Amino acid sequence: MTSDSGVSSSGGGAPILLRIAGLGHHVELEISPTATLADLKDEVHKQTGVPASYQRLVAKQKKMEDDSLVLGPSGIGLETRTKILLLHSPRYAQDKGGIETLTNLNKEIDKIDERRRSREMEDKVVQELIIQICCKIDCVETNGSDALRKMRKQTIQKAEKVAQKSAEANKRGVDP
């Protein structure tokens with residue numbers, strides 16, 4: 001069984017409902033009590049857009065830091081209706097500019113891909129725009145931040161995937 005949040009709830013008993021609040025977000029999500037903190041951070045990222053590596057989650061007046069811990073009674077001990085406070089990690093302020101730039105570039109990639117799929121844009125134009133975006137991604141300074149480096153790599157991979165789909169469609173003459 002999969003909950004609305006997309007996190008499997010099978011094998012661990014009834015899913016627990018968690019309320020995530022902070023940074024202007026108010027999200028409720030169901031997750032398996034056997035899910036790890038890393039799984040929860042990934043789901044919070046999907047719901048709020050705050051990358052997992054920049055999240056600081058606080059529940060029951062304690063920082064939750066060990067991503068390998070299980071959420072339910074056999075681990076952290078979260079129960080249904082537990083409120084979790086979402087804050088930025090200390091690294092966020094240092095990397096904020098890069099995060100915002102990469103987030104905007106991801107949105108540009110999504111728009112290009114949407115226009116490519118709807119055939120509003122020729123494949124050669126898609127290729128050129130993706131090359132321009134990759135140049136912009138390359139200009140994002142990581143300043144030694146592993147999290148920002150990882151985010152930059154994921155953005156490049158996303159752009160390459162769109163370019164590859166466009167190239168395949170151009171060879172076949174159809175949209176994949």
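Only the coordinates and a few stated rules stand behind these numbers; no lab work does. Computed from a predicted structure; not experimentally measured.
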* Stretchable slack from His88 to Glu100, in nm (0.36 nm times residue separation minus alpha-carbon distance) -> 2.9 nm
* If amide H atoms are built 1.01 Å from N in the plane of the peptide, which residues on other chains or at least 5 residues away come under 5 Å of the amide H of Ile84? -> Arg19, Ile20, Ala21
* **In Hz, Karplus ³J(HN,Hα) per residue of segment 129-144 (6.51, -1.76, 1.60; θ = phi - 60°; x = Gly, Pro)** => 5, 5, 4, 4, 5, 4, 5, 5, 4, 4, 7, 6, 7, 8, 6, x
* Asked: Structure shown: which of Lys111/Lys150; Lys107/Lys161; Lys41/Lys161; Lys111/Lys171; Lys41/Lys111 lie over 20 Å apart, alpha-carbon to alpha-carbon?
  -> Lys111/Lys150; Lys41/Lys161; Lys111/Lys171; Lys41/Lys111
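If you average the sequence gap of Cα pairs under 8 Å that are 6 or more apart and divide by the length of the chain, what percent do you get for the contact order?
In percent, rounded to a whole number, it is 17.
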* **Principal axis dimensions, the chain - Cα atoms, whole angstrom, descending** => 54, 39, 26
